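Accompanying notes for the structure given below.
The values are calculated or read from the model by the stated rules, or taken from the named source; none is laboratory data. What you are looking at is a predicted structure, and each value in this text was computed from that prediction instead of being measured. Every residue, glycine as well, gets a Cβ built from its backbone with ideal geometry; the counts of neighbours run over all protein chains shown. Surface accessibility is based on the protein's heavy atoms, side chains included, excluding ligands, DNA and RNA. Shrake-Rupley method; radii C 1.70, N 1.55, O 1.52, S 1.80 Å.
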Amino acid sequence: MKTFVIGIGGVTNGGKTTLAKNLQKHLPNCSIISQDDFFKPESEIDTDENGFLQYDVLEALNMEKMMSAVSCWMENPGHSAGPVALESAQGVPILIIEGFLLFNYRPLDTIWNRSYFLTIPYEECKRRRSTRVYEPPDPPGYFDGHVWPMYLKHRQEMNTITWEIVYLDGTRSEEDLFSQVYEDVKQELEKQNGL
């Protein structure tokens with residue numbers, strides 16, 4: 001069975017989940033797997049020399065469990081209650097995988113039909129992060145001492161990627177981002193279905 005898998009990666013608080021949920025509302029037969037659902041328990045998270053819990057690394061995630069969820073979906077693509085839209089592609093099950101380290105995890109490299117990466121500047125990212133509540137809470141200095149440096153490191157690693165990633169400006173409005181990605185996905189689905 002044909003499937004269509006979308007990766008939405010990007011910086012913390014860049015709008016990945018919001019974009020994924022907006023797409024799911026408008027795409028038929030669409031499911032979401034969120035990388036955030038696969039964090040290991042706090043007791044299994046390493047601490048660096050500054051005492052910061054190392055959440056912004058692949059080792060903080062149970063990626064095997066996430067891959068298992070992706071494999072289960074691929075074996076039996078779910079049909080969620082999406083709208084009757086994109087008539088030409090209605091029969092193609094769509095999976096959106098969203099997360100901050102998707103494109104740094106090599107076992108996912110061959111799965112993508114379309115890849116998007118949300119970016120926002122340092123100041124905006126820090127501002128957005130400060131408005132969110134995390135468990136455990138971010139300690140003072142965590143953003144500058146761990147979160148942002150890890151983002152820059154992982155973003156640099158992505159320079160070796162050989163497939164196309166569409167970079168998105170996460171400071172644009174929710175509606176603009178949705179429209180851009182929705183139209184792009186619609187075109188890609190039509191190409192896949194030979195329309």
Open item on the list: Can you tell me which residue is farthest from Asp138 (Cα to Cα) among those in the stretch 41-80 that are charged (D, E, K, R) and touching a His at 6+ places or on another chain (Cβ under 9 Å)?
Closed with: Asp48
Open item on the list: Kindly evaluate Leu61 against the criterion of being over 29 Å from Gln180 (Cα atoms), of a type outside the set (D, E, K, R) and open to solvent by less than 50 Å² (accessible area, probe 1.4 Å).
Closed with: yes
- [ ] For residues that are open to solvent by 10 Å² or more (accessible area, probe 1.4 Å) and of a type in the set (Ser, Thr, Tyr), scanning just the stretch 90-141, find the one that is nearest to Gly9 (Cα to Cα).
- [x] Thr119
Open item on the list: Looking at the stretch 144-155, can you tell me whether even one residue there is out of contact with any Cys (no Cβ under 9 Å at 6 or more places or on another chain) and part of a loop (DSSP other than H, G, I, E, B)?
Closed with: no
TODO: Could you tell me whether Asn22 is in contact with a helix residue (DSSP H, G or I) (Cβ under 7 Å, 6 or more places away or on another chain), within 15 Å of Leu108 (Cα to Cα) and modelled with pLDDT of 95 or more?
DONE: no
TODO: Considering only residues that are assigned to a loop (DSSP other than H, G, I, E, B) and farther than 13 Å from Gly7 by Cα, look in the stretch 163-195 and name the one that is least open to solvent (accessible area, probe 1.4 Å).
DONE: Gly170
